[in-house]
Amino acid sequence: MARQRRPADRRGSYTWSHYYGNFDQDNSSFTRPTTPPCSSVPSNIGDGPGRQLWNFKYGNLRGDRRNVLKMHGTYLFPWHGTLGAFAVYQSGQPYQLESVLPYRPQTGSTSDTDRYAEPAGPGGRLLL
């Protein structure tokens, strides 16, 4: 009696990348890492102390995902039922401390938004 193999399909992909620089990430967030270059959201880059390109902006950008592994597969049961699965692993996005405190002597503002208190990205990785 010949043994029949059940159809199974397994596939996957791995990507390594490094996203770094010093471009304006005003429109980035934790849920939306980048926006198109023709965004209608105004920029605050260059709007006072702590928001200049030389204020710790060069480094690993918010959209940097060094490692991404994707796997998926399906299995066909003898009774013609199908089971499928999909899995994704990715390293978290880089983060850095944003604080107005280092710039307080130069500004009256209390906003921490886009005021990096350390170089971009060295604070580790957020796992979302």
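Structure notes:
- Selection of first residues in region 1-30 that are at pLDDT below 80 and of second residues that are exposed (fewer than 10 other Cβ atoms within 10 Å of the Cβ), restricted to Cβ pairs under 6 Å at least 6 apart or on distinct chains, gives the following pairs, ordered by first then second residue: N27/V41.
- Of the residues making up region 83-99, those that are at pLDDT 80 or above and either of a type in the set (A, V, I, L, M, F, W, C) or exposed (fewer than 13 other Cβ atoms within 10 Å of the Cβ) (or both) are L83, G84, A85, F86, A87, V88, Y89.
The values are calculated or read from the model by the stated rules, or taken from the named source; none is laboratory data. Keep in mind that what you see is a predicted model, and the values were worked out from it rather than measured. Note: ideal-geometry Cβ built from the backbone for every residue, glycine included; neighbour counts use all protein chains shown.
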